[in-house]
Structures are given as structure tokens and as C-alpha cells.
Amino acid sequence: MRLWSVHPRYFDRQALTACWREALLAQAVVADAGRGYSKHPQLRRFQLMSSPEAAIGDYLSAIADEADRRGYRFTRAKILARGAESLTVNSAQLAYEWQHLLAKLHQRSPDVWERWQSITVPEPHPIFAVVEGPIADWEKISPV
């Protein structure tokens, strides 16, 4: 499961649809803590919010906004709640995810990679505010 901290505008079609599906799964897990994946490290930052359901709902809303912009139809009725406070993402976490996404794009969607590869600091997903800091302790760092 990957709940990206980067703005969904940078995603190729595969990343956008995968992120939607994975965030819907995350929403189900957050709504019913007994479900599988409840200990998944990617969920920790949402589970720590005062309203985890609203946080993941806001996350999903931004994914749906990008889908709308591209002419896709993601069913917003699947979003259970909205209206959370914003989350933070550490600058090194955002940078790590950016390099991870660029590597995926280079392999899978060279045209999308070409469009974004010169960006050194991407915009975060709209629910995140960037703060200085290291890669998150929940991140599973891939060997290079």
C-alpha cells in the first residue's frame, strides 16, 4: 500500500487509479480498526489524527479531484467523511517519495516522467503541509 504524499497531478494513470483503490482500502481499515492492514505503517499518520475518517476522506477527495480533471469517473459517494485538519509531511519524506515515483514513471510511463523529471521539489498532496524533517520512521526504504 502506498498513500503518496506528492500531489496526484504527478501520477500516471496507473498510480492515480492504484492510489484511489489503496486509499479506499485505507478508509475501510480506518473506519473498522479490526480489519486487516490496521497496523500498516502507511496508515499511522492518518490514525493519529483527531478524525482519521475525515483525514482519509480528504485524501481521497484530492485524488478524485485529479481524476475529474483528467476526465475519469471516480465515485465520490465512496468517500465516507471529510473536513479534517491538515497533516504534515517531512521534507525528506516528500523527497524520498518523489524519487520513488520518478523511478516508477521512468519505467512505466516515460512520457509522464519526461514532463516531471526536472522538478526537484514537488508539491505535496493538498492535505499535507511540508515541514523540515527526515524520512518518516514508518517508511520502508527500498534499496537502490
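What are the equivalent ellipsoid semi-axes of the chain, built from the alpha-carbon gyration tensor (square roots of five times its eigenvalues), in whole angstrom, biggest first?
Working: eigenvalues 106, 69, 39 Å².
Gyration-tensor ellipsoid for the chain: 23, 19, 14 Å.
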What is the extension gain from H7 to D137, computed as 0.36 nm multiplied by their sequence separation minus the C-alpha to C-alpha distance, in nm to one decimal?
44.7 nm
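Is the C-alpha gyration tensor of the range 99-144 telling us rounded, prolate or oblate? Criteria: a/c under 1.5 is rounded; beyond that, a/b larger than b/c is prolate, otherwise oblate. Walk me through the intermediate numbers first.
Values: a/c = 2.45, a/b = 1.39, b/c = 1.77.
Cα axes put the range 99-144 in the oblate bin.
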Under 24 Å Cα-Cα from K39, which lysines qualify once same-chain neighbours fewer than 8 residues away are excluded?
K78, K140
Compute from the Cα atoms of the range 63-144 the Rg and the Dmax, the latter being the longest Cα-Cα distance, and quote both in angstrom.
15.0, 39
Could you sort the peptides 39-49, 86-96 by per-residue average Cβ neighbour count (10 Å cutoff), highest mean leading?
86-96, 39-49
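Throughout, read-outs are computed from the coordinates displayed, never taken from laboratory work. All values reported here derive from a predicted model rather than from experimental measurement. FYI the Cβ positions are ideal-geometry reconstructions off the backbone, even for glycines, and counts take in every protein chain you see.
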